[in-house]
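Below is one structure; the comments refer to it alone.
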Amino acid sequence: MSSNPQKNSLWADSWKQLRKNHAAIAGLVILTILITASIIAPWLTPYSFEEQNLALGASSPSLDHWLGTDTLGRDLFTRLLYGGRTSFMVAFCATMVALLIGVPYGAISGYAGGKVDSIMMRIVDILYTMPFTILVIILMVVFGRNILLMFGAIGAISWLVMARIIRGQVLALRQQAFVESAIAIGASRPRIIFKHIIPNVLGIIIVYTTLTIPHVMLMETFLSFLGLGIQPPMSSWGLLIKDGASVMETYPWLLISPAIAFSLTLFSMNFLGDGLRDALDPRFSKGRS
Amino acid sequence: MIKFILRRLLELIPVLLISITIVFFMVRLAPGGPFTAEKSFTAEAIERLNEHYGLDKPIMVQYGTYLLNLLKGDLGPSFQYPSRSVNDIIKETFPVSLELGVLAMLFALFIGLMAGITASLKPNTLQDHVPMGLAMTGICMPSFVLGPLLILVFGLGLGWFNASGWEIPSDRVLPVITLGAAYAAYISRLTRGSMLEVLPSDYIRTARAKGLSETNVIFKHTLKNALLPVVSYLGPATAGILTGSFVVETIFNIPGMGRMFVLAAFNRDYTLILGLVVFFSLLVVVFNAVVDILLGMLNPKLRMDS
């Protein structure tokens, strides 16, 4: 611990700054609760997410069914928890795909510089103007509503911003003394990029990961809402909102609780992301309220 | 400047070509043809239909024919609606979507700019926290959450508006708010941020020192310079409003292009999907280029880059 006070103090400083941001901490707490609840879902509820009770039908919230049941008599609280599982899982996996492509791409482009850099960034610029949401919809229509395909497709369109930001950071870091000394020692290029440069942009990576996740979740929910994402009897928040919206005239609670759960998650993620950005991204640390 | 515009327009060609090619092959190589789902067709009938639409030819020939027809502006027939061509369907549905999109964009710009300016004038006071809190709510309430909730409250609950449809002028209100809210929220945050950056500049102080009215200082001097990030956001916002129209038109049952696209996706009406995507891509890509050119005009520095 004491061998590297410089490094520790940077993270400690950020943590101190983040702790002062009440909205971000509230977001962190809410997210932790929601994620934990969806992971331990089977132990929180006696029902299964596909267990139907047609005799019961849509019932309003009660002691047996805390949030009521849907038109097929399925427990809404259970479906909400399992829907959270799906949504968080899609968010996590697709963001990982985005990281795995975006970070190395940006780092290599920024480190190589010159012609390689301008070609690689031109490609990003051109891809950025393509109507990707539409392409993902087509992909889901054509190749069936496959959840793995969805991770890949959403991830594949989310890496562009990450690549741009990492590239900008690496471009600046490349000039610094520690990189020069690494070159002088004779370290190989991949070693310099992955061992020396990427650890230094870790803060930025964390910040933009937390900002990417809500976008990815939004995409999944959007697709499921249109009926092109997760398929029943599996549960997802987009699917629950869609089902709720279709019967909201008679059973409004079926719309309200998934809508609250989803908005609350987005709130928490955005506040946490903003807070982390203020704490970790040096470009934003000054002059912002 | 002309060189910049030309280069930007030339770049459209590969982007469009790539999009069209990806979609064309994805749609054609998909398992199951457009007629296999219909049990009413005999094998013979399917064969005849395939022949009629040229689906029996090698795929590269089909691709070539499609591109050639596209150059002539012909998007081909629709499988689902045999009596109408894709062009007819676009002609019918596009004006509806255009109206919805333009109104939503105007709503987003007006509310977003007003809220952003208001917030930036007194940072960290109630005048800042209220609009920015609302903006955060707007960002965290995507259209498919906001739309049904608005219908629930203002349509079914209070009965102020029709729950769905697109006939009388008041039918526009809820869909436009639903579609525009998130963009209003982003625009207000962008405006506030850049206003706060510009307001402390020397030339603003000079303008104030000259004794110009506060309105003049804010709208003529500050806003003009603070507008750049908002203009560059218009490109992605248009693309977002286009795809957002899929959801909003479905929720409110509006006979526009977005709902048509979702229906076509469900019916696996491949030529219609393909035609609509080509049209959507054209819109997005051209609008992106227009925004870029606009930015180049506003800020000469951008033209010099790359």
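Find, to one decimal place in angstroms, the Kirkwood hydrodynamic radius of region A:135-277, where the mean of 1/r is taken over every pair of different Cα atoms and then inverted. Walk me through the numbers before you get to the answer.
Working: mean 1/r = 0.0556 Å⁻¹.
So the Kirkwood estimate lands at 18.0 Å.
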(request) Please report, in Å, the Rg and the Dmax of region B:202-306, where both are computed over Cα atoms only. (result) 20.6, 65
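If you take every residue apart from B:Trp166 with its C-beta less than 15 Å away from the C-beta of B:Trp166, what net charge results, scoring Lys and Arg +1 and Asp and Glu -1?
On the way: positive: B:Arg172, B:Arg259; negative: B:Glu92, B:Glu99, B:Glu167, B:Asp171, B:Glu249.
Result for the local shell: -3.
Averaging the inverse of every distinct alpha carbon separation and then flipping it gives the Kirkwood radius. What is it for chain A, in angstrom units? Walk me through the numbers on the way to the answer.
Numbers: mean 1/r = 0.0472 Å⁻¹.
It is 21.2 Å.
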(message) Once you place label points 7 Å from the Cα toward the Cβ at A:Gln231 and B:Leu294, how far apart are they in nm?
(response) 4.2
(request) Report Rg (one decimal) and Dmax (nearest whole number) for region B:81-134, counting Cα atoms only, units Å. (result) 19.7, 61
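Apply the Kirkwood formula to region A:163-224: the hydrodynamic radius equals the inverse of the mean of 1/r over all pairs of different alpha-carbon atoms; give it in Å with one decimal. Don't skip to the answer; put the middle values down first.
On the way: mean 1/r = 0.0748 Å⁻¹.
The Cα-based Kirkwood calculation yields 13.4 Å.
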(request) Enumerate the calculated ³J(HN,Hα) couplings along region B:84-97 in order (Karplus 6.51 cos²θ - 1.76 cosθ + 1.60, θ = phi - 60°), each rounded to whole Hz, writing x wherever the residue is Gly or Pro. (result) 10, 8, 4, 4, 4, 5, 5, 4, 6, 8, 4, x, 5, 5
(message) Along its three principal axes, how long is region B:175-261 when you only count alpha carbons? Whole Å, largest extent first please.
(response) 56, 20, 15
(message) Can you list residues from other chains, or at least 5 along the same chain, whose modelled amide H is less than 5 Å from the amide H of A:Phe143?
(response) none
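Residues of B:249-262, mean number of Cβ from any other protein chain within 10 Å of their own Cβ, rounded to a whole number?
Details: counts 0, 5, 4, 0, 0, 0, 0, 0, 0, 0, 0, 0, 4, 5.
Mean partner-chain Cβ count within 10 Å for B:249-262: 1.
Could you give the alpha-carbon Rg of region B:113-162 over 2.2 N^0.38 Å, rounded to two decimals?
On the way: Rg = 14.3 Å, N = 50, 2.2 N^0.38 = 9.7 Å.
Relative to the 2.2 N^0.38 Å estimate, region B:113-162 comes out at 1.47.
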(request) Using only the C-alpha atoms of region B:1-151, find the volume of their convex hull and express it per residue in Å³. (result) 222
(request) Would you please state the base-10 log of I(q)/I(0) at q = 0.12 1/Å for the protein assembly as shown, with intensities from the Debye formula using one equal scatterer on every alpha carbon? (result) -1.43
(message) Using a 10 Å cut-off around each Cβ, can you sort B:Ser164, B:Ser281, A:Ser158 from fewest to most neighbouring Cβ atoms?
(response) B:Ser164, A:Ser158, B:Ser281
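Test of understanding: ordering A:Val207, B:Val102 by Cβ neighbours within 10 Å, fewest first, what list do you get? Can you show the working numbers first?
Details: A:Val207 21, B:Val102 12.
Least crowded to most crowded, the residues run B:Val102, A:Val207.
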(message) What number do you get for region B:111-252 when its Cα radius of gyration is normalised by 2.2 N^0.38 Å, N = residues?
(response) 1.24
(request) Output ³J(HN,Hα) for region B:191-205: one whole-Hz value per residue in order, computed from phi by the Karplus curve 6.51 cos²θ - 1.76 cosθ + 1.60 with θ = phi - 60°, and x for Gly and Pro. (result) 4, 4, x, 6, 4, 5, 6, 7, 3, x, 5, 4, 5, 6, 4
(request) Please report, in cubic angstrom per residue, the volume enclosed by the convex hull of the alpha-carbon atoms of chain B. (result) 174
(message) Only counting other Cβ atoms within 10 Å, I'd like A:Ile138, B:Ile90 sorted with the fewest neighbours first.
(response) B:Ile90, A:Ile138
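Read-outs throughout are calculated quantities, based only on the coordinates presented, and are distinct from any laboratory measurement. Just so it is clear, the model here is predicted, and its values are computed rather than measured. Reconstructed Cβ throughout: ideal geometry from the backbone, glycine too, with neighbour counts over all protein chains shown.
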